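The structure appears below as structure tokens.
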Amino acid sequence: MPDISLTMIVLLCVAALAAGWIDAVVGGGGLLLLPVLLLGLPANTPAAHALGTNKAVAIVGTTGAAVTYARKAPVDVRTAVRIGLAALAGSSAGAFFAAGMSTEVLKPVIMVVLLGVAAFVILRPAFGTAPATGPATRRRILAAIGLAGLGIGFYDGLIGPGTGTFLVLALTAILHLDLVTASATAKIVNCCTNAGALATFAWQGAVLWQLAALMAVFNLAGGTLGAHTALKKGSGFVRIVLLTVVFALVGNLAYEQWIA
């Protein structure tokens with residue numbers, strides 16, 4: 001356990017709870033949790049330790065949300081698992097390249113990612129609001145395996161934040177799912193990407209297990225609650241949460257990067 005004050009530990013746990021809820025509703029809980037870890041851990045902590053600890057926390061909340069969704073949402077579990085296995089391979093590969101990445105590099109990258117997500121959602125107001133159109137074709141499934149699986153999986157292992165959000169967007173666009181069904185499918189895929197990246201970080205000794213275990217309890221509670229909320233409120237609510245989260249985080253990171 002690193003030398004962290006009790007106040008910071010409480011803040012990290014609250015952030016894990018909020019990130020679990022956000023991640024279950026729309027994905028991208030790491031966009032909150034990773035910056036908080038980067039700020040909360042001692043200054044001499046390698047960035048890889050923040051990435052690895054983030055994965056150890058996130059996999060617990062993501063699994064809880066995936067189980068909740070699978071019980072109540074119309075998820076094609078077989079397709080989700082196929083995409084997830086490709087994502088596991090991609091995230092494992094990405095994690096190998098993450099060890100040498102510095103905190104100074106991570107923050108600007110996260111900001112660019114956030115702005116790209118916001119622009120896409122704003123320019124497509126009807127995106128993900130229509131009900132799912134039925135079983136996807138073989139061609140679309142293969143495209144989802146390549147882009148949402150290997151491609152986004154590699155990003156998840158390399159950087160991580162926003163993976164759930166990118167999965168929701170990709171699955172909605174490629175498989176023509178509504179946002180709630182895409183969120184449910186993304187949780188299953190995200191479990192696989194988290195597992196692949198976490199295994200690599202653990203092998204490298206880049207996980208703060210005691211801190212991760214404490215934060216994971218709160219992340220699980222947030223993830224389960226978030227899944228229930230999304231199922232109850234529907235796609236319109238998911239879209240509003242997505243935009244709110246994105247702009248709040250862009251403003252926070254911009255302040256830290258150029259003003260603070």
Legend entry - Checklist (1) surrounded by 15 or more Cβ atoms within 10 Å (Cβ to Cβ); (2) under 24 Å from ALA206 (Cβ atoms) applied to ASP76, failing item: (2)
Legend entry - Residue match in segment 227-235 (condition: closer than 26 Å to ARG78 by Cα, open to solvent by less than 30 Å² (accessible area, probe 1.4 Å), assigned to a helix (DSSP H, G or I) and not hydroxyl-bearing (Ser, Thr, Tyr)): yes
Inset, instruction - Scan ALA197, ALA170, ALA202 and give me the residue that is more than 21 Å from ARG71 (Cβ to Cβ) and open to solvent by 20 Å² or more (accessible area, probe 1.4 Å). - result: ALA202
Inset, instruction - Exactly one condition in (1) surrounded by fewer than 18 Cβ atoms within 10 Å (Cβ to Cβ); (2) outside any helix (DSSP H, G or I) is not met by VAL81; state its number. - result: (2)
Inset, instruction - Taking the options ALA221, ALA184, ALA213, name whichever one is part of a helix (DSSP H, G or I), of a type outside the set (Phe, Trp, Tyr) and exposed (fewer than 15 other Cβ atoms within 10 Å of the Cβ). - result: ALA213
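The values are calculated or read from the model by the stated rules, or taken from the named source; none is laboratory data. Since this is a predicted model, take the numbers as computed values, not measurements. Note that we place each Cβ from the backbone using ideal geometry, even for glycine, and neighbour counts take in every protein chain shown. The accessibility values were calculated without ligands, DNA or RNA, using every heavy atom of the protein model including side chains. Shrake-Rupley method; radii C 1.70, N 1.55, O 1.52, S 1.80 Å.
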